[in-house]
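Read through the structure below, which is laid out as structure tokens, and then see the notes.
Just so you know, all these numbers are worked out from the coordinates, no wet-lab data involved. These numbers come from a predicted model, not from an experiment. Note that each Cβ is placed from the backbone with ideal geometry, even for glycine, and that neighbours are counted across all protein chains shown.
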Amino acid sequence: MHKGVFYGLLAAALFGASTPFAKLLLGHVAPVLLAGILYMGSGLGLLTFYLLRALARRGGNTATAGLTGKDLPWLAGAIAAGGIAGPVMLMFGLMLTPASSASLLLNMEGVLTSILAWFVFKENFDRRIFVGMLLIVAAGLLLSWEQIPAFGVPWGAISIVGACLCWGIDNNLTRKVSASDAVQIAGVKGLVAGSVNLIIALALGAQLPQMSTILASGLVGLGGYGLSLVMFVLALRHLGTARTGAYFSVAPFVGAVISLAMLGEQPGWLFWTAAVLMGGGIWLHLTESHEHEHLHEPMEHAHVHTHDLHHQHGHDFLWDGMEPHVHPHQHRTMRHAHKHYPDIHHRHVHP
């Protein structure tokens, strides 16, 4: 299995598993406050890992490319959209929507991520990927229809789709910094987003729950928002935004299965029809193969790498021969053909 696919599926499993647990926690914590605790748990957990890793590597090869000044605007936008607005909208949506249907509605994140990647950020796609996304959209519409009450507007479904749009923006902005340290990116997002949401919640009069609930929420956040985001950033680095979003579409199925088993929900036929449509869309993405002759333009950047086909360069420093390693390096012009994804080295134009 391609390592980017593995990272994407692991990110999906971690996030999908967190949704039904967040639904349970909403019975004890206000939505905005819960969003803050989830992200703060993510940030503190990853900060601890980051510091322990730095101590372990002191004096050695860090094998990580830290954030730079030019990364900060992209990361700030990602935090505002995906770390602050998105989680709050999801928490409100979960209050009004069964966890199983909410889990499948979260598939819209992959769709909206891909639409933004294709039409705003100009990432390539083909007919197979497009048809897969149409199936996922159809499934999302079915689930939204199931949530329409006897009168009024399905605000729960709308709120969850709004959260997915926020995360779609977040994912495309995060791709811009995906060559940097994934733990650092996810940790900063968790600490900033968690702090802002906690301040907002407390200003609105929310009361902190019992310490046991705070700890449980923090652990859910570390897995579903922290470790999941680390894996997602790594997948972005290797697959590009739209493909990562497609693999991440597995997440709602994980959440739905846990919801059905843990919460005893009894979904109707629309739920199962939507599940079949979403499964077909995901299968089209998983079985995609992209190969053609392409040109690598000269570029310079820094990231963790080994001296593979795309990294045949010299060093302007004394190299000890250890790999992988990190340093600024240049890529020369190269034309060749092989199977590839739109990763950090294959962001070329398609005729």
Taking amide H atoms as placed 1.01 Å from N in the peptide plane, list the residues 5 or more away in sequence, or in a different chain, whose amide H sits under 5 Å from that of HIS296.
MET334, ARG335, HIS336
Dipole size in debye (nearest 20) for the chain around its Cα centre, Lys and Arg Cβ +1, Asp and Glu Cβ -1?
200
I need the peptides 247-253, 279-285 ranked by packing, meaning the mean over residues of other C-beta atoms within 10 angstrom, with the highest value on top.
247-253, 279-285
In a Gaussian network model over the chain where Cα atoms closer than 10 Å are linked, find which of GLY221, GLY156, GLY43 has the largest mean-square fluctuation.
GLY156
Using only Cα atoms, find the angle between the long axis of helix 86-96 and the longest principal axis of the chain, and express it within 0 to 90 degrees, rounded to the nearest 10.
30
Tail beyond 12 Å, pair distance distribution of the range 293-339 (Cα, percent):
66
Please state, as a whole number in µm²/s, the translational diffusion coefficient that the Stokes-Einstein equation yields for the range 184-323 at 10 °C and 1.306 mPa s, with Rh defined as the Kirkwood radius across alpha carbon pairs.
79
Using modelled backbone amide H atoms (1.01 Å from N, in-plane), which distant-in-sequence or interchain residues come within less than 5 Å of LEU67's amide H?
ASP181
To the nearest 0.05, the calculated FRET efficiency linking VAL131 and HIS296 through their beta-carbon distance, R0 being 22 Å, is 0.15
Karplus-derived 3J(HN,Hα), 6.51/-1.76/1.60, for each residue of the range 69-75, Hz, glycine and proline x:
x, 6, 7, 5, x, 5, 5
In degrees, nearest 10, the alpha-carbon axis of helix 182-203 is tilted away from the dominant principal axis of the alpha carbons of the chain by 30
Most packed first (mean Cβ within 10 Å per residue), the peptides 91-97, 295-301 order as 91-97, 295-301
Bridge type composition, the chain - antiparallel percent by DSSP, nearest 5
100
For LYS189, give me every one of the lysines with a C-alpha distance below 26 angstrom, ignoring sequence neighbours fewer than eight places off in its own chain.
LYS3, LYS23, LYS70, LYS122, LYS176
Can you compute 3J(HN,Hα) from phi for each residue in the range 12-20, using the Karplus curve 6.51 cos²θ - 1.76 cosθ + 1.60 with θ = phi - 60°, rounded to whole Hz and x for Gly and Pro?
5, 4, 5, 6, x, 5, 6, 4, x
Normalised by the residues of the range 3-291, what does the relative contact order come to in percent, with Cα pairs under 8 Å and at least six apart?
44
Would you work out the Kirkwood radius for the range 3-291? I mean one over the mean of 1/r across all pairs of different Cα atoms, in Å.
18.9
Angle between the chain longest axis and helix 269-286 axis [Cα atoms, degrees, rounded to 10]:
0
